[in-house]
Amino acid sequence: MSDNYLHMVPDDPYWRPDKTAAEEAANLVRGLFPQAEHVGIEYKEAVTFFDAGANTESVHCAFCGSELGDWWGNAMDQAAVSDFSDLAIVTPCCSKSTSLNDLRYVWPAAFGMCSLTVVNPGATTLGAEELRRIEQAIGSPLKVIWQHL
Ligand SMILES: [Zn+2]
């Protein structure tokens, strides 16, 4: 049996919400996904990569669209050595300074110190208006990751 996770990860990979805001956002999400198995905030010790699991297809440069497959794998290995404390990279295709967090992941993926996570949400979409309300409650823009394991 496979599991689906909806991870909502703050745009800034080093940012964490305060406890009250996190609880408020989690309560809101519980109301939006009444069939979910579990809703909660996962706090991580270090920056963590939330990927799309089996939904992952490819990684692209956000500037020129080049596929970064092997290069990206090596860059991830290097960044992992320091627990992703430094995500800065220069793209191999067009020599632009950016971050591993700002590449174009298909499906979306993100780095973060925490995630508002829904386990088996019982739905496969999140509306823009709902997302906006969650972002307001937690106090940060969020990246939405649909992870299939
Ligand atoms: Zn490029």
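The values are calculated or read from the model by the stated rules, or taken from the named source; none is laboratory data. Just so it is clear, the structure is predicted and the values come from calculations on it, not from any experiment. For neighbour counting, all protein chains shown are included, and Cβ atoms are generated from backbone atoms with ideal geometry for every residue, glycine included. Just the protein is used for accessible areas: all its heavy atoms, side chains included, with ligands, DNA and RNA removed. Shrake-Rupley method; radii C 1.70, N 1.55, O 1.52, S 1.80 Å.
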Considering the options Pro13, Leu116, Gly31, tell which one lies farthest towards the positive end of the dipole of segment 4-148, charges being +1 on Lys and Arg and -1 on Asp and Glu at the Cβ, about the Cα centre.
-> Gly31
Subtract the Cα-Cα distance of Ser82 and Ala128 from 0.36 nm times their separation in residues, and report this length gain in nm to one decimal.
-> 13.1 nm
Quick one: give the max-minus-min coordinate of the C-alpha atoms of the chain along each principal axis, largest first, in Å.
-> 44, 33, 27
Accessible area in square angstrom per residue, segment 80-147, 1.4 angstrom probe | 46
Once every DSSP H run of n ≥ 4 in the chain is given -39500 (n - 2.57) and the sum is divided by its residues, what mean residue ellipticity at 222 nm do you get, rounded to the nearest 500 deg cm²/dmol?
-> -8000 deg cm²/dmol
Theoretical gain in end-to-end length, Val106 to Ser2 [0.36 nm per residue, Cα-Cα removed] = 35.4 nm
Step through the residues of segment 36-48 one at a time and calculate ³J(HN,Hα) from phi using the Karplus curve (6.51 cos²θ - 1.76 cosθ + 1.60, θ = phi - 60°), rounding each to whole Hz and writing x for Gly and Pro.
-> 4, 6, 7, 10, x, 9, 9, 9, 10, 5, 9, 4, 10
Report the charge-dipole magnitude of the chain in Debye, nearest 20, computed about the Cα centre from +1 at each Lys and Arg Cβ and -1 at each Asp and Glu Cβ.
-> 260
Note down the nm distance, to one decimal, between modelled labels 7 Å out along Cα→Cβ at Glu23 and at Gln35.
-> 3.0
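Which shape class, rounded, prolate or oblate, goes with segment 81-149 when its Cα gyration tensor gives a ≥ b ≥ c as root eigenvalues, a/c under 1.5 marks rounded, and past that a/b bigger than b/c marks prolate? List each step's numbers first, then the result.
On the way: a/c = 1.97, a/b = 1.89, b/c = 1.05.
Prolate, because a/c is 1.5 or more and a/b exceeds b/c.
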Which Cα, out of Ala46, Ala128, Gly69, lies furthest along the positive dipole direction of segment 10-149 (beta carbon charges, K/R +1, D/E -1)?
-> Ala128
Relative to the chain, whose Cα atoms define the longest principal axis, helix 128-138 and its Cα axis are tilted in degrees, nearest 10, by 90
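Once R0 is set to 22 Å, what does the formula 1/(1 + (r/R0)^6) return for the Cβ-Cβ distance between Phe63 and Asp12, expressed as a FRET efficiency to the nearest 0.05?
On the way: r = 21 Å, r/R0 = 0.94.
In this case the efficiency is close to 0.60.
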Just tell me which lysines come within less than 22 Å, Cα to Cα, of Lys44; anything on the same chain fewer than 8 places away is out.
-> Lys19, Lys143
Ignoring ligands, DNA and RNA, what percent of the accessible area of the chain is carbon or sulfur (1.4 Å)?
-> 50
